[in-house]
Amino acid sequence: MRAFALMVVVAALGCAKKEAAPSPAASTSPTAEKAPFKELTVDEVEKRLAAKDGKTFVFDANPREVFDKRHVPGAVYVPDEGVTASLLPPDKSAALIFYCANPH
């Protein structure tokens, strides 16, 4: 499993899914934070998941057939339509980890 995680723990940007245009409200909102995405190492992800503190959530942005074959335990599948509020945890301070196996 560790080898698989090493292969796929990358930022979700650039995955094979259709990219949606950013929401105008999200980019112009005065309260929207503009923090950059952070890449995590396999060890960092493993440590966060091992803590089981309810503050780390993993999302798999691979195509459905890849997700069905294998995924990080506990990962939530991200459908082609993208992430919706119903997929996200209510805790706004939670760490959200998105990954895909981007061959590019």
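What to note about this one:
- Restricting the stretch 35-81 to residues that are touching a residue at least 40 places away in the same chain (Cβ under 8 Å) and basic (Lys, Arg), the residue that is surrounded by the most Cβ atoms within 10 Å (Cβ to Cβ): ARG48
- Residues of the stretch 68-104 satisfying the condition of being more than 22 Å from GLU44 (Cβ to Cβ) and of a type outside the set (S, T, N, Q): ASP68, LYS69, TYR77, PRO79, ASP80, GLU81, GLY82, ALA85, LEU87, PRO90, PRO103, HIS104
Laboratory data are not the source of any read-out in this text; all were calculated from the coordinates shown. No experiment lies behind these values; they were computed from the predicted model shown. Positions of Cβ are backbone-derived with ideal geometry, glycine not excepted, and every protein chain shown enters the neighbour counts.
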